[in-house]
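Below you'll find the structure, written out as structure tokens, and then a few comments.
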Amino acid sequence: AHREGEHGHFHTFLREKGMPEDCRPVPQSEADFMKERDDKLSHLIAISMNQVGFPTRLFTTNRWITADNWYQADDVIKMLDRFDMDLAYPSLPVNIWFTAMLQLFRSDIEALLKARDQAVRDWQAKHPDETVYEDRGLEITSTQDISVEKQIKGVQRALKAA
């Protein structure tokens, strides 16, 4: 946990092997340890948890936080369909939960990714002499409070209306 009111959070990623073939990272700086990886990865979304284990917030981060490769929001949105954690280890129920969270909050995640890109563009415009992806002054690029219960009720209302 790095923030007040947060018990902890999870970061979700997709590796290059699972990405659509037309997705390419933007030109960017790299930390030395990123060059040691044999593939590229993209940070999708982070999920904050409260003290009793409920998800309370979704957020995106600047590249230096997670040492991923930066992909434009439109590419990351395409990647969301490919995020499927169906491995038994270390916990099949938890892995299924992650996949379901990204599906349940898909439209919110898309909006957060677009807001993330806008925040980076705005930051770069205000700090033209800095490398935006490495700038420690920009950590969280977009955030939204969430409620699984409210989201499920909204889905149920939409299904009834359909």
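The values are calculated or read from the model by the stated rules, or taken from the named source; none is laboratory data. Bear in mind that the values here come from a model prediction, so they are computed numbers and not experimental data. No Cβ is skipped: glycine too gets one built from the backbone with ideal geometry, and neighbour counts run over all protein chains shown. Accessible surface areas use protein heavy atoms only, side chains included; no ligands, DNA or RNA. Shrake-Rupley method; radii C 1.70, N 1.55, O 1.52, S 1.80 Å.
Report the extension gain between His7 and Val26 in nm, rounded to one decimal, defined as 0.36 nm multiplied by the number of residues separating them, less their alpha carbon distance. The partial results should precede the final answer.
Numbers: separation 19, 0.36 × 19 = 6.84 nm, distance 3.28 nm.
Fully extending the segment from His7 to Val26 adds 3.6 nm.
Summed over the residues of segment 72-162 and divided among them, the accessible surface reaches 65 Å² per residue at a probe radius of 1.4 Å. With R₀ set to 30 Å, the beta-carbon distance separating Arg82 from Asp108 gives a calculated FRET efficiency near 0.95. On the basis of the beta-carbon distance and an R0 of 22 Å, Ala67 and Lys17 show a calculated FRET efficiency of 0.75.
With a Förster radius of 41 Å, plug the Cβ-Cβ distance of Lys126 and Arg157 into 1/(1 + (r/R0)^6) and report the FRET value to the nearest 0.05. Efficiency, from the Cβ-Cβ distance: 0.50. Segment 29-43 and segment 130-157 have their alpha-carbon centroids 24 Å apart. Please find, in a Gaussian network model of the chain (springs between Cα atoms separated by less than 10 Å), the residue of His43, His11, His127 whose mean-square fluctuation is greatest. Among His43, His11, His127, the largest mean-square fluctuation in the Gaussian network model of the chain belongs to His127. Spacing of the modelled spin labels on Asn95 and Asp135, each 7 Å from Cα toward Cβ, amounts to 3.9 nm. Diffusion coefficient of segment 1-155 by Stokes-Einstein, Kirkwood radius over Cα pairs, 25 °C, 0.890 mPa s: 150 µm²/s.
Using a cutoff of 8 angstrom between alpha carbon atoms and counting only pairs six or more residues apart, the relative contact order for segment 1-108 works out to 27 percent. For the chain, modelled as a GNM whose springs connect Cα atoms under 10 angstrom apart, the maximal fluctuation among Phe54, Phe83, Phe13 occurs at Phe54.
Dipole orientation for segment 1-137: of the candidates Pro128, Met34, Ile109, Ile109 has the Cα lying most toward the positive pole (charges on Cβ; Lys, Arg +1; Asp, Glu -1). This model, with +1 at the C-beta of Lys and Arg and -1 at the C-beta of Asp and Glu, gives the chain a dipole about its Cα centre of some 680 debye.
For the chain, the longest principal axis of the Cα atoms and the long axis of helix 92-104 meet at an angle of about 80 degrees.
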